[in-house]
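Student: This structure is in structure tokens; I'll ask about it shortly.
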Amino acid sequence: NLTWAIVDENGIRRGPADGERLAEDHLVLNLSEQGTYTVVVSARDLAGHITENTSSITVLNLRPTAKISVDGLIVSNGSTLTLPHGEAWFINASDSTDNEPVDYLWVVDEDRSLRGRSVLTADELDGPGVYTVELIVFDDDGSTHSSVIQVRIEGQQVTDTAPLSSGHFVLVALALLGIMGALRFRKPPSADLPKWTGSGEVQNRGEPVVSAEQDATIEEDEARG
């Protein structure tokens, strides 16, 4: 008959859990906390004699690894990430690895921090500009790891050659139609052309106008005396 016991470095003694005992003489231990453990096994025979054997196990903690990603793409430490302003995007920390759950800490420009959140959204950054973003992850044993990136948020560029808006286009079209209508219905100016009569009168500048009939009357009167 075998009896097992596991003793941690604080002297706390426990028996193996159901999932740790594969057989009476075979254990599989899942020790998630770092430290030194002592495994004690005792054997008793039918005569009542007892023998005991001990073995020490040292568990080392694996440091977590901080990983920053956007849309599933890992952003390496020291890189610059360019994102658009005015759109919904997320900087994700959930790809960080460890054999145990980790806690997250975001530090923006070394003056703002957000803890306990696996994502950093656009609302945490103040519009267009360049920001230094650091992700720090902690495991349950107090080990940490960090990754630092530059986040560049680009604003909307406005140029002088931007196309006309629909409202401006309508105003310009109406103005052109008004000008064309005014030109179409405008009355052409009348030309001051000289008017000629059919009586055969000729007017010399500076002399009175005398018709042919008046000349014949004068000559007839002169003949009569």
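The values are calculated or read from the model by the stated rules, or taken from the named source; none is laboratory data. Worth saying up front: this structure is predicted, and the values here are computed from it rather than measured. Methodologically, a virtual Cβ is constructed for each residue, glycine included, from the backbone with ideal geometry; neighbour enumeration extends over all protein chains shown.
Student: Anything in the stretch 123-137 that is surrounded by 18 or more Cβ atoms within 10 Å (Cβ to Cβ) and within 12 Å of the chain's Cα centre (by Cα)? List them, or say none.
Tutor: LEU125
Student: Could you pull out the residue among VAL7, VAL39, VAL75 that is of a type outside the set (D, E, K, R), out of contact with any Phe, Trp or Tyr (no Cβ under 6 Å at 6 or more places or on another chain), assigned by TED's automatic domain parsing to the domain that holds SER146 and surrounded by 12 or more Cβ atoms within 10 Å (Cβ to Cβ)?
Tutor: On the way: VAL7 fails: assigned by TED's automatic domain parsing to the domain that holds SER146; VAL39 fails: assigned by TED's automatic domain parsing to the domain that holds SER146.
So the residue among VAL7, VAL39, VAL75 that is of a type outside the set (D, E, K, R), out of contact with any Phe, Trp or Tyr (no Cβ under 6 Å at 6 or more places or on another chain), assigned by TED's automatic domain parsing to the domain that holds SER146 and surrounded by 12 or more Cβ atoms within 10 Å (Cβ to Cβ) is VAL75.
Student: Please state which one of THR132, THR144, THR82 is touching a Lys or Arg at 6+ places or on another chain (Cβ under 6 Å) and modelled with pLDDT of 85 or more.
Tutor: Details: THR132 fails: touching a Lys or Arg at 6+ places or on another chain (Cβ under 6 Å); THR144 fails: touching a Lys or Arg at 6+ places or on another chain (Cβ under 6 Å).
Testing whether each residue is touching a Lys or Arg at 6+ places or on another chain (Cβ under 6 Å) and modelled with pLDDT of 85 or more leaves just THR82.
Student: Please enumerate the residues belonging to the stretch 98-118 that are assigned to a strand (DSSP E or B), loosely packed, with under 14 Cβ neighbours inside 10 Å and touching a residue at least 12 places away in the same chain (Cβ under 8 Å).
Tutor: Those that are assigned to a strand (DSSP E or B), loosely packed, with under 14 Cβ neighbours inside 10 Å and touching a residue at least 12 places away in the same chain (Cβ under 8 Å): ARG112, ARG115.
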